[in-house]
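So the structure is just underneath, and the comments pick up after that.
The values are calculated or read from the model by the stated rules, or taken from the named source; none is laboratory data. Since this is a predicted model, take the numbers as computed values, not measurements. Cβ coordinates were reconstructed from backbone atoms using ideal geometry, including for glycine residues, and neighbour counts include every protein chain displayed. The accessibility values were calculated without ligands, DNA or RNA, using every heavy atom of the protein model including side chains. Shrake-Rupley method; radii C 1.70, N 1.55, O 1.52, S 1.80 Å.
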Amino acid sequence: MISELIIPQEKLETGFVHWQSPSNIAIIKYWGKHGQQLPQNPSLSFTLQNALTETKLSYAPKEGPSTGIELDFWFEEQRNEAFGAKVAAYLTELIPTYPFLEQLSLKIETVNSFPHSAGIASSASSMSALALCLCSLEDHFFGTLGDDTAFDRKASHLARLGSGSASRSIYAGASVWGKTDFVENSSDLYAVSVAERLHPIFTTLHDDILIVSAKEKAVSSRAGHALMNENPYAPTRYAQANQRLGTLLKALEAGDLEKFGEITENEALTLHGLMMTSHPSYLLMEPQTISIIRAIRQYRAETKIPVFFTLDAGPNVHMLYPEEHIADVRGFVHNELAGLLDEGIYIPDFVGEGPEEV
Ligand code: PMV
């Protein structure tokens, strides 16, 4: 099977594939991994719409040495050697799966829809966009991924090898990555869609990403995952995430915003609690993160508007709320939160349609 993915000489040609793929926000967090990018617990996320990466992968018959990856990498219209080296390392690891990558001279041009300086993690959108390009390439040369499910699973699998959370960005609406009895066909190897299980209130959920700090985080996700191996709370955490996924799915199906909010906020604080209880311990929240969390809780208590927070592995706050409350919540952001944001920046986003071929 593997050796079949070699392009016959007469079919070697020039062309390109082009995808845009969004970021996602996890409700049940993936934190802790083993083996080759396998999760210690299942996770569930909403796929976003506006925060996305657009990636064009151009290819031509290679003229240079026949082994190894030949890659010219451009980020935001500039050649970027540092990113290029990372992507070349990822592609090199894929050679056993995709030996044809050694037959081509590759050029990748990638841009993000959100400001580079916003401190938003782009690994989910960028790795999923690249994985989708690679699947299009496979399908173009070998016609092996005509079936949509097969295409999506392969793309999710390849995205996972680049960044675990990227595996979930392949699907519209919401998806689950990691084996769980609560989702049929779920797997540690790739994510599957759970969009059809969303009550309508969640299909248009908003996520305003409140930028507290645009600085690069002090501890990478990779290092954070590794610290979970020695975290004394890890076994309990993995069991909790498993069980919570079932409870969350019921709330998503029923449109139970209160249960959804309770789990969402606790997951965010649990993630950061795990960081604080790692050895060495570290903190990614900033004072403004806490101020925003308090302001959201107070606003919710006073107005009864169901607005909730979650956090990624960083200080920025994702504020989630149903579409019908957009006017009120925007007023809240402008009147009460703007002063806590880095240059007043927030990125309005919502649950989206998933990746698109450009
Ligand atoms: O995909 P990674 O390795 O960058 O890990 C991301 C982990 C969190 O964003 C904190 C949680 C998640 O499930 O997305």
Would you work out the relative contact order for the stretch 2-197, in percent, from Cα pairs under 8 angstrom that are 6 or more residues apart?
26
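Relative to the Cα centre, what is the charge dipole magnitude of the chain, using +1 at the beta carbon of each Lys and Arg, -1 at the beta carbon of each Asp and Glu, and rounding to the nearest 20 debye?
Numbers: 26 positive and 45 negative charges, 223 e Å.
Roughly 1080 debye for the chain.
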Counting as exposed only trypsin sites (Lys or Arg not before Pro) in DSSP loop states with no more than 13 other Cβ atoms inside 10 Å, the longest exposed-site-free span of the chain is 1-214
Restricting the count to DSSP beta bridges whose residues both fall in the chain, what percent are antiparallel, rounded to a multiple of 5?
90
Using θ = phi - 60° and the Karplus form 6.51 cos²θ - 1.76 cosθ + 1.60, what ³J(HN,Hα) does each residue of the stretch 175-185 get, whole Hz, x for Gly and Pro?
8, 10, 10, x, 5, 8, 5, 7, 10, 4, 6
Could you please put H157, H318 in sequence from largest to smallest accessible area, using a 1.4 Å probe?
H157, H318
Residues with amide H under 5 Å of D349's amide H, sequence separation 5 or more or different chain, H placed in the peptide plane at 1.01 Å from N; which?
D207, D208, I209
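Enumerate by residue number the GluC sites (Glu not before Pro) in the stretch 163-268 meeting two conditions: DSSP loop (anything except H, G, I, E, B), and at most 14 other Cβ atoms within 10 Å of the site's Cβ. Don't skip to the end; give the middle numbers.
Working: sites: E184, E196, E216, E230, E253, E258, E262, E265, E267; in loops: E184, E216.
Those satisfying the criteria are E184, E216.
Rounded if a/c is under 1.5, else prolate if a/b beats b/c, else oblate: with a ≥ b ≥ c from the C-alpha gyration tensor eigenvalues square-rooted, which is the stretch 200-356?
On the way: a/c = 1.82, a/b = 1.23, b/c = 1.47.
Oblate is the answer for the stretch 200-356, as a/c is 1.5 or above yet b/c matches or exceeds a/b.
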Within straight-line cross-link reach of K107, aspartates and glutamates at Cα separation under 19 Å, skipping those fewer than 8 residues along the same chain
E13, E54, E63, E70, D72, E76, E77, E81, E93, E138, D139, E357
Values of log10 I(q)/I(0), in the order q = 0.07, 0.08, 0.11 Å⁻¹, for the chain under a Debye, Cα-only, solvent-free model:
-0.30, -0.39, -0.74
Quick calc: nm separation of the 7 Å Cα→Cβ label points for A60 and T236 -> 6.0
Inter-centroid distance (Cα atoms) of the stretch 113-180 relative to the stretch 22-55, Å
10
Sorted by chain and then number, the residues having a modelled amide H within less than 5 Å of the amide H of G354, at least 5 places away or on another chain, are G173
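Give me the 1.4 Å probe accessible area per residue for the chain, excluding ligands and nucleic acids, in Å².
On the way: 15730 Å² over 358 residues.
On a per-residue basis, 44 Å².
Note the full-extension length gain between N50 and T303 as 0.36 nm times their separation in residues minus their Cα-Cα distance, in nm to one decimal. Numbers along the way, then the final one.
Values: separation 253, 0.36 × 253 = 91.08 nm, distance 2.78 nm.
Full-extension gain reported as 88.3 nm.
Throw me the Rg/Rh for the stretch 2-197, computed over C-alpha atoms with Kirkwood Rh, two decimals. All intermediate terms of the calculation are to be shown ahead of the outcome.
Working: Rg = 16.5 Å, Rh = 17.1 Å.
Expressed as Rg/Rh, it is 0.97.
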The lysines whose Cα lies under 16 Å from the Cα of K33, excluding any fewer than 8 residues away in the same chain, are K179
Among the lysines, which have Cα under 17 Å from the Cα of K304 when same-chain residues fewer than 8 positions away are ignored?
K259
Could you please state how large a percent of the accessible area of the stretch 305-349 is carbon and sulfur, counting protein chains only and using a 1.4 Å probe?
49
